[in-house]
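The values are calculated or read from the model by the stated rules, or taken from the named source; none is laboratory data. Note that the coordinates shown come from a computational prediction; the quantities given were computed from them, not determined experimentally. Neighbour counts run over all protein chains shown; Cβ positions are idealised from the backbone, glycine included. The area values use the complete protein model at the heavy-atom level, side chains included, leaving out ligands, DNA and RNA. Shrake-Rupley method; radii C 1.70, N 1.55, O 1.52, S 1.80 Å.
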Amino acid sequence: MTSSPDNGPERQLHFGLMFWATGTHPGGWRFPGAKADGAYDIEFIQATTKIVEDAKFDFLFLGDRLATDPALAATNPAQMSRLEPFVAGSAIAAATSHIGIAVTANPTYYDPYTLARLLASLDHLSKGRASWNLVTGADAIAAANFSRDEHWETEKRYDWADEFVSTVRGLWDSWEDDALVRDVTTGQFVDPPKVHSVDHHGKYFDITGPLNMARPPQGQVVLLHAGTSDRSRELGAREADVIFAAGPNIETAKAYYADIKTRAAAYGRRPHEIQILPGLQVTVAETTEEANWVRDQLDELRPKVVQAVDGQKARAGALGSQHMNPDKPTAFPRGLVGNPTEVADYIERWFVEEACDGFNVFPNFVPGAVQAFAELVIPELQRRGLFRREYTGSTFRDHLDLPKPPNRFAEVPQDLVLGSAAAG
Ligand SMILES: Cc1cc2nc3c(=O)[nH]c(=O)nc-3n(C[C@H](O)[C@H](O)[C@H](O)COP(=O)(O)O)c2cc1C
């Protein structure tokens, strides 16, 4: 166990599960025991989530894309066709009690009021376990699905996202925590001075507020962010509680880690207030030989060539998948393959050398690879004192050791209060 340099809480690993129902390996859906139709089977999705909740994972990660193409079937079938994440997240919340639920939403194609409401609703339904994975979108062709002429360039997407997130945060604060009185004796339902307009008038948004629901249980819903550009790093360092990073090797990951923590410090944030979690493509089994055998089987099962048919080549390029090349056999990263000790050694090294604060685990097939990680790797990390044995709280913020933020309106001047004489 390592302690944090600023004497924050003792450093512990954090884990998310990248939930792609048919696995993150393109051949995963064909692996024995996998469920080829799992993407639309809510009992299956709930049961898989329970595996990682029992293993005390921090969160389940529901990625999303706003465009698709049948050509993805050969490279990334789980991303080609899946449930809308808020709908799936609500059903997952109903079947679980502790695990965080991260839902991906691209602000470019949302409205702040709608998204603030969706996320607050999920936070209420889950009793404080909602999280927003803010992405600005990898899919240029999404624009064509949302009546837009073009995919905005990076600067505009991030200008929009910056204003968007501050607006959403304002809306979440528009009700003070004790605004809903609901006193059956006195008949007082609400305390109007504790419900605030946000009066946001910016470059992109004009929003009066308040939000039409009570403040989320977490106060501010946990914010995840995924991206690589300078603007992405800046947004993440300022706003994100968790950064989902690309980490091709430990040296790159260490540089990225140091960069984000330094940028975060410039915003007055301490290192433990922002967790950096690269993806971990892992195949683990009791023995190294068995793990290699599983990995070889998966490679045997992966589709060899993408069938490029009318128009799909161009669209495949626009989808921008790192695994996508319509003309060649799919190249899939081999990732980490080993027995529990080897996998735990790898994780511990990255953690101790500050290349990461944990990982977003990519299971090659579901549920088998999820079970293998939960049953073989997690106990080893617990033995080493690197990962929790029990949840110490019930909200996602609790798992991240983050307190509920104060409400910005709690001390608001009377003339800004909705329902006051000034507001009529
Ligand atoms: C690790 C990682 C995960 C991502 N997950 C998603 C996703 O689920 N949906 C999505 O639309 N974009 C996703 N993206 C893409 C980002 O939203 C972004 O469009 C991309 O990284 C390019 O923007 P950037 O230049 O700011 O990094 C992801 C990016 C990274 C690095």
If each part is reduced to its alpha-carbon centroid, segment 360-405 and segment 209-227 end up apart, in Å, by 24
Assuming a viscosity of 1.002 mPa s and a temperature of 20 °C, what translational diffusion coefficient in µm² per second does Stokes-Einstein assign to the chain, Rh being the Kirkwood radius over Cα pairs?
-> 95
With label points built 7 Å along Cα→Cβ from the Cα atoms of residue 389 and residue 94, find their separation and express it in nm.
-> 3.6
PRE zone check, label point 7 Å out along Cα-to-Cβ of residue 145, amide N under 15 Å, scope segment 220-241, hits none
Report the antiparallel proportion of the DSSP beta bridges in segment 110-257 as a percent, rounded to a multiple of 5.
-> 40
Rounded to the nearest 10, the angle in degrees between the Cα long axis of helix 112-125 and the longest principal axis of the Cα atoms of the chain comes to 80
Debye log10 I(q)/I(0) for segment 45-128, one point scatterer per Cα, at q = 0.10, 0.12, 0.24 Å⁻¹ = -0.28, -0.40, -1.17
Note down the relative contact order for segment 2-97 as a percent, whole number, built from C-alpha pairs under 8 angstrom at least six residues apart.
-> 32
Extension length gain for residue 41 and residue 353 (0.36 nm per residue less Cα distance), in nm, is 108.3 nm
Percentage of interatomic Cα-Cα distances in segment 109-243 larger than 26 Å | 30
Of the heavy-atom accessible surface of segment 77-136 (probe 1.4 angstrom), what whole percent is carbon and sulfur?
-> 60
Length-normalised contact order of the chain in % [C-alpha pairs under 8 Å, at least 6 apart] | 24
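Heavy-atom accessible area per residue, the chain, 1.4 Å probe: how many Å²?
The answer is 42 Å² per residue.
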Place a +1 charge on the Cβ of each Lys and Arg in the chain and a -1 charge on the Cβ of each Asp and Glu, then give the dipole magnitude about the Cα centre in debye, rounded to the nearest 20.
-> 280
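Using a probe of 1.4 angstrom, how much of the accessible area of segment 349-391 is carbon and sulfur, in percent?
On the way: 670 of 1450 Å².
Exposed carbon and sulfur together represent 46 percent of the surface.
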Relative to the chain, whose Cα atoms define the longest principal axis, helix 42-54 and its Cα axis are tilted in degrees, nearest 10, by 90
Members of 56/254; 156/261; 50/404; 56/261; 156/194 lying beyond 30 Å, as alpha-carbon distances in this model show = 156/194
How many nm separate the modelled label positions at residue 155 and residue 184, each set 7 Å beyond the Cα in the direction of the Cβ?
-> 6.0
Rg to Rh, two decimals, where segment 2-150 supplies the alpha carbon set and Rh follows Kirkwood = 1.00
Calculated FRET efficiency for the pair residue 265/residue 290, C-beta based, R₀ 45 Å, to 0.05 = 0.55
Residue 408 and residue 177 label points (each 7 Å along its Cα→Cβ direction) are spaced in nm at 1.8
